[in-house]
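The structure appears below as structure tokens.
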Amino acid sequence: MALPTRSQSRESYSPLYFLAALGSGGLMVTFFMWLLFWVPHKGRPVPIFEDIWAALQGGALPMQAMIIAAWAGIAFFAVMLIRLLWWNFSAYGAWSKTAAHAALRASNDETQLLAMPLASAMAVNGGFILGLVFVPGLWSVVEYLFPLALIAFVLIGIWALRLMGSFWGRIFTQGGFDCTRNNSFSQLLPAFALAMVGVGLAAPAAMSGAPMVAGLSFILSSFFITSALLLGALKLVLGLRALMEQGANVQSAPSLWIVVPILTVIGIALMRQEHGLHAHFGSHGTAADTFSLLTNFLSLQVAFALFGWVVLSRTRYFARFVWGAESSAGSYALVCPAVALSVMMQFFVNKGLVAVGLIEKFGVAYWLLSALAVLLQLAAIILVLRLNAKHLRAGNSGPLAQPAE
């Protein structure tokens with residue numbers, strides 16, 4: 001994938017291109033799901049290199065093929081994530097000196113800047129995955145890494161809050177928010193960024209053996225998760241009202257699916273917190289509780305997916321902006337829901353249906369349901385490759401029109 005130069009992307013750049021990096025990081029997670037649920041890792045909440053290597057050495061041919069494919073997928077999309085982050089920060093630096101940047105900072109679209117901490121938080125999560133699956137002996141020093149991870153996520157969270165403070169400070173003191181251009185769910189992007197920080201902060205709660213680290217992880221992640229829920233609920237209502245009054249903004253139509261990844265991220269964060277409470281603080285959550293949580297979250301995701309599909313199909317969004325000649329950086333928002341549903345399906349099958357005994361692990365029903373997750377993963381891969389070829393190949397001047405909202 002050859003990326004445009006800074007001069008080529010200077011005028012046509014949009015902060016929404018950080019969602020390209022986000023999608024690559026999400027696809028790393030989908031391949032990690034294979035290792036998490038299909039490779040034995042007794043006594044640990046996640047598989048590490050030693051577990052994966054032992055399964056590769058002693059497993060049957062399908063297990064070996066799966067591990068090689070998962071390793072290759074994680075490595076491929078990790079490289080893509082790093083390249084896209086580097087290109088985005090470089091392109092944003094040049095674009096920030098243009099009149100287009102100043103105009104964005106004075107409009108509803110200022111919240112697009114939250115795509116930067118969102119993608120950065122995903123990159124930290126992706127880095128942890130790389131360490132787990134490729135670095136021998138990492139688990140022996142992991143307790144030293146958890147505090148560093150907390151610091152990294154807190155710093156990204158502060159960055160996100162400062163960007164939000166700039167937006168809200170301007171709106172609440174000067175006004176100027178255009179409700180007629182809020183006819184999408186684009187304003188939920190800050191909630192997504194806060195949720196991504198929250199799920200990263202919740203990881204030590206699930207994996208650390210130190211009660212102090214786990215407790216701090218729980219407290220910090222709770223702040224960002226509850227903030228994401230509050231902000232998301234408010235923006236959802238405002239967006240729905242504008243949608244009903246104005247009709248959908250076609251270029252921003254993919255944002256109607258943004259609730260899907262937000263719910264996956266928050267669901268994983270809550271499961272991580274619950275594991276930490278059980279391991280360190282005497283909580284006694286059951287498999288039925290997790291099954292109920294995952295079922296409700298997945299049901300909400302399907303409902304929002306159907307809602308978004310009504311609008312996307314009626315506006316012929318895929319035909320126009322994915323496979324057709326029209327172009328919008330907001331198209332990358334389509335990747336996140338496919339990734340999120342794939343990940344949620346893996347958790348629903350393994351931590352929900354299998355855990356409560358509704359299906360047998362590695363039985364026929366198990367693989368049929370897991371195949372749905374893999375198909376969603378494949379759809380996301382095809383979409384990423386298509387959008388990268390359309391938007392980010394060398395010589396491409398960028399989108400034909402700046403994305404609204």
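Bear in mind that the values in this text are calculations on the coordinates, not laboratory data. Here the structure is a predicted model, which is why all the values come from computation and not from measurement. Every residue, glycine as well, gets a Cβ built from its backbone with ideal geometry; the counts of neighbours run over all protein chains shown.
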- Message: Please give the charge dipole size of the range 10-391, origin at the Cα centre, charges +1 on K and R Cβ atoms and -1 on D and E Cβ atoms. Round to the nearest 20 debye.
- Response: 620 debye
- Query: trypsin sites (Lys or Arg not before Pro) within the range 94-188: which are DSSP loop residues with at most 14 other Cβ atoms inside 10 Å?
  - Reply: LYS97
- Note on the structure: Taking chymotrypsin sites (Phe, Trp or Tyr not before Pro) as exposed when in a DSSP loop with at most 12 other Cβ atoms inside 10 Å, the chain has its longest clean stretch at 1-322
- Note on the structure: A correct fewest-to-most ranking of HIS391, HIS278, HIS41 by other Cβ atoms within 10 Å would be HIS278, HIS41, HIS391
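Given the DSSP H assignment, sum -39500 (n - 2.57) over each helix run of at least 4 residues in the chain and divide by its residue total; what's the result at 222 nm in deg cm²/dmol, nearest 500?
About -24000 deg cm²/dmol.
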- Note on the structure: Neighbours of GLY276 by Cβ distance under 15 Å: Lys/Arg at +1, Asp/Glu at -1, summed charge -1
- Message: Along its three principal axes, how long is the range 284-392 when you only count alpha carbons? Whole Å, largest extent first please.
- Response: 52, 25, 23
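Grab the other residues whose beta carbon is less than 15 angstrom from that of ARG393, score K and R as +1, D and E as -1, and report the net.
So the environment of ARG393 carries a net charge of +3.
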- Query: Points 7 angstrom from Cα along the Cβ direction at ARG162 and ALA319: gap in nanometres?
  - Reply: 4.7 nm
- Item | Extended-chain gain in nm, criterion 0.36 nm per residue less alpha-carbon gap, THR173 and PHE362 | 62.3 nm
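When averaged across all projection directions, what area in nm² does the alpha-carbon convex hull of the range 208-359 cover? Each step should come with its number before you reach the end.
Working: hull surface 42.9 nm².
The number I arrive at for the range 208-359 is 10.7 nm².
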- Task: Quick one: compute the contact order of the chain, relative version, from alpha carbon pairs under 8 angstrom and 6+ residues apart, as a percent.
- Result: 23 percent
- Using label points projected 7 Å from each Cα along Cα→Cβ, tell me how many nm separate VAL154 and GLN64, to one decimal. 4.7 nm
- Using a/c under 1.5 as the rounded threshold, could you call the chain rounded, prolate or oblate? The axes a ≥ b ≥ c are square roots of the C-alpha gyration tensor eigenvalues, and prolate needs a/b larger than b/c, oblate otherwise. prolate
